[in-house]
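Written below as structure tokens is the structure these notes are about.
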Amino acid sequence: MTPVLEAIHLHQAYPLPRQGLFERRQRVQAVRDVSFRLEEGQTLGIVGESGSGKSTLARLLVALEKPRSGEVLFRGERISGLPERSIRPVRPLIQMIFQDPFGSLDPRMRIGESIAEPLGVAEPWLEVGERAGRVAAMLERVGLQPDMVARYPHQFSGGQRQRIAIARALITKPALLVADEPVSALDVSVQAQILNLLFDLKLEFGLSMVVISHDLAVIRYLCDEVIVMASGQVVEQAATSRLFAAPQAEYTRALMAAMPLLPDARPETDPAGGDISPG
């Protein structure tokens, strides 16, 4: 069966400033020989410290950057290194959630316009009323009121803005969602709510997901398989249950020793509809 996403020997490097006029320019290796397969409906976690290369890898996976070498395949077709006009038809099927929800939304656009914008590319034939109905339904699905469409991003809290970003990502009914540190910019009290939402939406929409995080607790909660990165390289890859039961790499064991972990069970929801923070 063809995987929804495949990375094949990905490398990425960035040039460093020259120290002298005639000195050869050096490069920093951000991603070094990363390969993996993501099956339909599965969630892959990529974890590592800051500077490990995980966010660079995320940009390569959604074709926001061209790799120095290697390939990214989406449903068996290469998307890496192609001109934008060739990738454009695939864009609605591959969506990304960024770490900073405020930075990912245009402050000059009402949130209804921001959420509807991807539909102009994915389904340009939609009538205005149908498009508005889709936006209202998606807002409600992520826990916001449909009548909020006329507000601007600055009128929302951080958690609400991340819900808006999720709604914008899902409005095109993607097959693949890449979430780069989706809760790290949020208050601890809000993080569990967003994690619950992502977990439920994954099941409801049948999403395949890549979750990038420095937090092993987030990875353990959401993911079926885990890649641990350090200095741009994969140091360990295993099913989540196996990795947490018996990590093989010394680096992985050090990460686990330094980070608090969530319990295995999903956090429950209290009768009033609020989320009980895990841990």
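Restricting to segment 154-189, give me the number of residues that are of a type in the set (Val, Ile, Thr), under 11 Å from the mean Cα position of the chain (by Cα) and not in a helix (DSSP H, G or I).
2
Give the residue, chosen from 16, 21, 73, that is at pLDDT 90 or above and of a type in the set (A, V, I, L, M).
The conditions single out 73.
Kindly indicate which of 211, 183, 188 is out of contact with any helix residue (DSSP H, G or I) (no Cβ under 7 Å at 6 or more places or on another chain) and in contact (Cβ under 8 Å) with a residue 12 or more places away in the chain.
Only one candidate passes the filter, namely 188.
Which of the numbered conditions does residue 114 fail, given that it passes all the others? Conditions: (1) of a type in the set (Ser, Thr, Tyr); (2) more than 24 Å from residue 196 (Cβ to Cβ); (3) free of Cβ contacts under 8 Å to residues at least 60 places away in the same chain.
Unmet for residue 114, out of (1) of a type in the set (Ser, Thr, Tyr); (2) more than 24 Å from residue 196 (Cβ to Cβ); (3) free of Cβ contacts under 8 Å to residues at least 60 places away in the same chain: (2).
Within segment 141-176, restricting attention to residues that are hydrophobic (A, V, I, L, M, F, W, C) and touching a helix residue (DSSP H, G or I) at 6+ places or on another chain (Cβ under 6 Å), which residue is farthest from residue 46 (Cα to Cα)?
If we take residues in segment 141-176 being hydrophobic (A, V, I, L, M, F, W, C) and touching a helix residue (DSSP H, G or I) at 6+ places or on another chain (Cβ under 6 Å), then 149 is farthest from residue 46 (Cα to Cα).
Could you go through segment 152-164 and let me know if any residue there is in contact with a Lys or Arg (Cβ under 7 Å, 6 or more places away or on another chain), under 30 Å from residue 109 (Cβ atoms) and surrounded by fewer than 22 Cβ atoms within 10 Å (Cβ to Cβ).
The answer is yes; a qualifying residue exists.
Take segment 166-191 and flag every residue that is small (Gly, Ala, Ser) and farther than 19 Å from residue 102 by Cα. Write out each step before concluding.
Initial filter on segment 166-191 (small (Gly, Ala, Ser)): 167, 169, 175, 179, 184-185, 189.
Selection gives 175 alone.
Which condition from (1) modelled with pLDDT of 95 or more; (2) surrounded by fewer than 21 Cβ atoms within 10 Å (Cβ to Cβ); (3) aliphatic (A, V, I, L, M) is the one that residue 119 breaks?
(1) is the only condition that residue 119 fails.
Quick one: is residue 69 touching a residue at least 24 places away in the same chain (Cβ under 8 Å), exposed (fewer than 12 other Cβ atoms within 10 Å of the Cβ) and polar (S, T, N, Q)?
no
What number of residues in segment 122-153 are among the aliphatic types (A, V, I, L, M), without any contact (Cβ under 8 Å) to a residue 40 or more places away in the chain and assigned to a helix (DSSP H, G or I)?
Here the count works out to 9.
Six or more apart or on different chains, Cβ under 6 Å: which pairs go from a residue in segment 54-65 that's surrounded by fewer than 22 Cβ atoms within 10 Å (Cβ to Cβ) to one that's part of a helix (DSSP H, G or I)? Could you list them?
Every condition considered, the pairs that remain are 63/87; 65/59.
Out of everything in segment 232-260 that is more than 20 Å from the chain's Cα centre (by Cα) and assigned to a loop (DSSP other than H, G, I, E, B), what residue ends up being surrounded by the most Cβ atoms within 10 Å (Cβ to Cβ)?
Here the answer is 247.
Say we look at segment 203-231 and pick out the residues that are of a type in the set (A, V, I, L, M) and not in a strand (DSSP E or B); which of these is nearest to residue 49 (Cα to Cα)?
Per the criteria, the residue is 216.
Looking at (1) surrounded by fewer than 24 Cβ atoms within 10 Å (Cβ to Cβ); (2) within 15 Å of residue 223 (Cα to Cα), can you tell me which one residue 184 breaks?
Among (1) surrounded by fewer than 24 Cβ atoms within 10 Å (Cβ to Cβ); (2) within 15 Å of residue 223 (Cα to Cα), the lone unmet condition for residue 184 is (2).
Within segment 96-116, track down each residue that is part of a helix (DSSP H, G or I) and buried (at least 19 other Cβ atoms within 10 Å of the Cβ).
111, 112, 114, 115, 116
The values are calculated or read from the model by the stated rules, or taken from the named source; none is laboratory data. All of these numbers come straight from a predicted model, not from anything done at the bench. Cβ atoms come from the backbone with ideal geometry, glycine included; neighbour counts cover every protein chain shown.
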